[in-house]
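A.B. asks: Take a look at the following structure, please.
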Amino acid sequence: MTQAFFAPCPRGLEPALADELREIAARPDVAQLAPFDVHREVPGGVHFSGQMPAAYAVNLHSRLASRVLLRVAARGYRHEDDIYELTRAQRWDQWFGPDETIKVEITSQRSPLRSLNFVALRVKDGVCDGMRERLGGRPSVDTASPDARIYAHLTEHDCTLYLDTSGEPLFKRGWRMEKGEAPLKENLAAGILRLAGWVPGQTERPLYDPMCGSGTFLVEAAQVALGIPPGGGRSFAFEWLRGVDQRSWKALKEQARAGARTTSLTIAGSDISTDMLAMARANWQRAGLPGELATKQVDARFVQPPFAEPGLLLINPPYGERIAVRGERRPSVADVPVDSVEEAAANQFAAAFSSTLKQNFAGWQAWIFTGDLSMPKRLRLKESRRVPLYNGNIECRLFRFDMVRGGNRG
Ligand SMILES: C[S@@+](CC[C@H](N)C(=O)[O-])C[C@H]1O[C@@H](n2cnc3c(N)ncnc32)[C@H](O)[C@@H]1O
């Protein structure tokens, strides 16, 4: 039976995710075992459709998606009771039973309903009442590690119910044990790499992150180069759902493993902190990558290219406000009384880093991912590309600077 799916992703990555999904669908193993069609991209994600194994393939291969959601039902609503009725009418027992545990999550865009907690309660009641009427028993709630996660997405007029096929969000690849101060989520890092042109077949160039922290860019980049699937080292919620097609799932995993390549990697990182570098090296090993990650402890203001050939320099510098208000919306630059000491330090760092880029990195493409929207002004460099992206709720930019000796191309 053809199912409709939705793959959410960090905002700004929707076109890149749609491209990635089309590439996954075009893999010979996926086309044979789990074919699917990619549909509309909408703010926050991409729709696709296929039989259930399509969800297995996307969970296994997508670096950019945050989850894979199976669309269960949708209807217009005016009150919580409409959502309750919609939920109660579904045959949830085709996926899980009364002995399993559930968690309900609500997302909303302009819903007129007052309390999303109350909506969550009504969705939970709908699932439990419907199952008790049919089977005489109901699942219990477990918010920490449920067997099944149910999502209700509300727009102004419509409610869509989804069943999550991923479980833990897909940015959790299973290799990160050590977190730095402000690590990038793996799927956002992978999206940035993709936007910077780091895609299979284009990974022979050197890649260097001079503020590598826990090494997220570097590990993701190496896995892309080596054809290691992002989901190869973890499990997914669909594996415990009723009716899982174990044969297709096993075959998809085997094919993915067989697709790994061996190639020499020209990937290196540096950081001012030796602790961070130790974390990056440990993460590299846990991710099953060959050899040792090439690292060096050095201040980014004084870095030299680690390879003779020019390549990609990719950097996610710390940003005072970002770290200070982690998890909250960053007020726009205009309404922040920026601390003048911090401002002066940011300008000083940018001036020094800019002259290092100009003097030492001629021929390199420098990509800077930052919440500091005035970064090009601080660096006194003209960007050749700027891509708006969100890190959670924080508005960011990915800037590209093409370095030539003594400056950059405007
Ligand atoms: C926002 S974090 C980068 C996170 C990294 N992308 C990750 O995913 O883990 C910024 C990093 O810059 C490092 N750092 C701060 N000042 C530095 C400097 N002057 N030179 C080099 N690294 C610096 C910090 O130690 C931190 O690891």
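A.B. asks: Anything in the range 381-407 that is within 24 Å of VAL298 (Cα to Cα), touching a strand residue (DSSP E or B) at 6+ places or on another chain (Cβ under 9 Å) and of a type outside the set (Phe, Trp, Tyr)? List them, or say none. Step through it out loud before you land on a result.
C.D. replies: Here is the first cut: in the range 381-407, the residues within 24 Å of VAL298 (Cα to Cα) are 381, 398-407.
From the residues that got through so far, the ones that are touching a strand residue (DSSP E or B) at 6+ places or on another chain (Cβ under 9 Å) too are 381, 398-403.
Hits for the range 381-407 are LEU381, LEU398, ARG400, ASP402, MET403.
A.B. asks: Having 3 or more residues that are more than 9 Å from the ligand (Cβ to nearest atom) is the bar; report the strands (runs of 3 or more DSSP E) wholly within the range 132-225 that clear it.
C.D. replies: 148-154, 158-164
A.B. asks: On to the next question. Return the pair list, or none, for Cβ contacts closer than 8 Å from residues in the range 117-143 that are of a type in the set (Phe, Trp, Tyr) to residues that are part of a helix (DSSP H, G or I), at least 6 apart or on different chains.
C.D. replies: PHE118/GLU80
A.B. asks: How many residues does the range 295-349 contain that are at pLDDT 95 or above, surrounded by fewer than 18 Cβ atoms within 10 Å (Cβ to Cβ), out of contact with any Gly (no Cβ under 7 Å at 6 or more places or on another chain) and not hydrophobic (A, V, I, L, M, F, W, C)?
C.D. replies: Adding up the residues that qualify gives 6.
A.B. asks: Right, something else. Do you know which residues across the range 354-394 are touching a Leu at 6+ places or on another chain (Cβ under 7 Å), outside any strand (DSSP E or B) and of a type in the set (A, V, I, L, M, F, W, C)?
C.D. replies: Once the filter is applied, which keeps residues that are touching a Leu at 6+ places or on another chain (Cβ under 7 Å), outside any strand (DSSP E or B) and of a type in the set (A, V, I, L, M, F, W, C), the range 354-394 yields PHE361, TRP364.
A.B. asks: Can you give me the number of residues within the range 279-290 that are more than 10 Å from the ligand (Cβ to nearest atom) and either without any contact (Cβ under 8 Å) to a residue 12 or more places away in the chain or open to solvent by less than 50 Å² (accessible area, probe 1.4 Å) (or both)?
C.D. replies: Going through the range 279-290 one residue at a time, the tally reaches 5.
A.B. asks: Within the range 295-308, is even one residue within 16 Å of the ligand (Cβ to nearest atom), under 25 Å from the mean Cα position of the chain (by Cα) and closer than 21 Å to LEU184 by Cα? Walk me through it before giving the result.
C.D. replies: Here is the first cut: in the range 295-308, the ones within 16 Å of the ligand (Cβ to nearest atom) are 295-306.
Now narrow it down to the ones that are under 25 Å from the mean Cα position of the chain (by Cα): 295.
Next, from what is left, pick out any that are closer than 21 Å to LEU184 by Cα: 295.
Within the range 295-308 (the criterion being within 16 Å of the ligand (Cβ to nearest atom), under 25 Å from the mean Cα position of the chain (by Cα) and closer than 21 Å to LEU184 by Cα), the answer is yes, since at least one residue qualifies.
A.B. asks: Then there is this: Mind checking which residues of the range 230-267 are under 22 Å from the mean Cα position of the chain (by Cα), in a loop (DSSP other than H, G, I, E, B) and crowded, with 17+ Cβ neighbours inside 10 Å? Give the derivation first.
C.D. replies: Quick first cut of the range 230-267, residues under 22 Å from the mean Cα position of the chain (by Cα) only: 230-239, 252-253, 256-257, 260, 267.
Filter once more, so that each one left must be in a loop (DSSP other than H, G, I, E, B): 230-236, 260.
Passing the criteria: PRO230, GLY231, GLY232, PHE236.
A.B. asks: Further question on the same structure: Name every residue in the range 37-49 that is in contact with a Pro (Cβ under 7 Å, 6 or more places away or on another chain) and crowded, with 21+ Cβ neighbours inside 10 Å, in order of residue number.
C.D. replies: GLY45
Let's see how each residue does on (1) at pLDDT 95 or above; (2) open to solvent by 50 Å² or more (accessible area, probe 1.4 Å); (3) in contact with a Lys or Arg (Cβ under 8 Å, 6 or more places away or on another chain):
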position	(1), (2), (3)
ARG75	yes, yes, no
GLU80	yes, no, yes
ILE83	yes, no, yes
GLN94	yes, yes, yes
PHE118	yes, yes, no
ARG122	yes, no, no
GLY130	yes, no, yes
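A.B. asks: To continue, here is another question. Which of the residues belonging to the range 10-23 are under 21 Å from PRO53 (Cβ atoms) and either modelled with pLDDT under 95 or buried (at least 24 other Cβ atoms within 10 Å of the Cβ) (or both)?
C.D. replies: LEU17, GLU20, LEU21
The values are calculated or read from the model by the stated rules, or taken from the named source; none is laboratory data. If you're wondering where the values come from, they're calculated on a predicted model, not measured in any experiment. Note: ideal-geometry Cβ built from the backbone for every residue, glycine included; neighbour counts use all protein chains shown. The protein model used for the area step is the full one, side chains on, heavy atoms only, and it has no ligands, DNA or RNA in it. Shrake-Rupley method; radii C 1.70, N 1.55, O 1.52, S 1.80 Å.
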